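Let me begin by presenting the structure, written as structure tokens, before commenting on it.
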Amino acid sequence: GELYRCIAGTYLSWTIAEYNGQIDFGGGQTKVCRKGDALVHLPGGKVECRPQKPGRDCNERSLLRRFGAGVKVLTMIMTETYTAYREEEDREASSVSVTTAMSLDGGVGGIVY
């Protein structure tokens, strides 16, 4: 459905960027809706400009009075799926065997050599 719409006679500019508590559009993607368009959320999480559905003018004015013009923050979660490859290298470790004699005294069983 419609998320935002243009005020009559104006256009809507929107930017997708990371939001970390501060408004910073650096590195974001900016798009512009034409006059008479609305920002629409489509199935699959896609957001784009589409012609807005007809509505009463008084509704747009009351929304403008309530929320005002300017920057609005819309929280969206985008999931990116990727495949990572990793290369493994096997190394053989060489070991040296040393034969020693051990004498244990005490415990059950007596003396062991």
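The values are calculated or read from the model by the stated rules, or taken from the named source; none is laboratory data. Everything numeric in this text was worked out from a predicted model, so none of it was measured. Every residue, glycine as well, gets a Cβ built from its backbone with ideal geometry; the counts of neighbours run over all protein chains shown.
Structural remarks
- Within region 18-57, considering residues that are assigned to a loop (DSSP other than H, G, I, E, B) and within 14 Å of G1 (Cβ to Cβ), the one modelled with the lowest pLDDT: G55
- Each residue in region 1-51 was checked for being of a type in the set (G, A, S), more than 18 Å from V73 (Cβ to Cβ) and surrounded by fewer than 13 Cβ atoms within 10 Å (Cβ to Cβ), and 4 pass.
- Subset of region 9-38 [within 14 Å of K53 (Cβ to Cβ) and in contact with an Asp or Glu (Cβ under 8 Å, 6 or more places away or on another chain)]: A38
- Picking from residues in region 60-113 that are under 54 Å from the mean Cα position of the chain (by Cα), loosely packed, with under 10 Cβ neighbours inside 10 Å and aliphatic (A, V, I, L, M), the one that is modelled with the highest pLDDT is A84.
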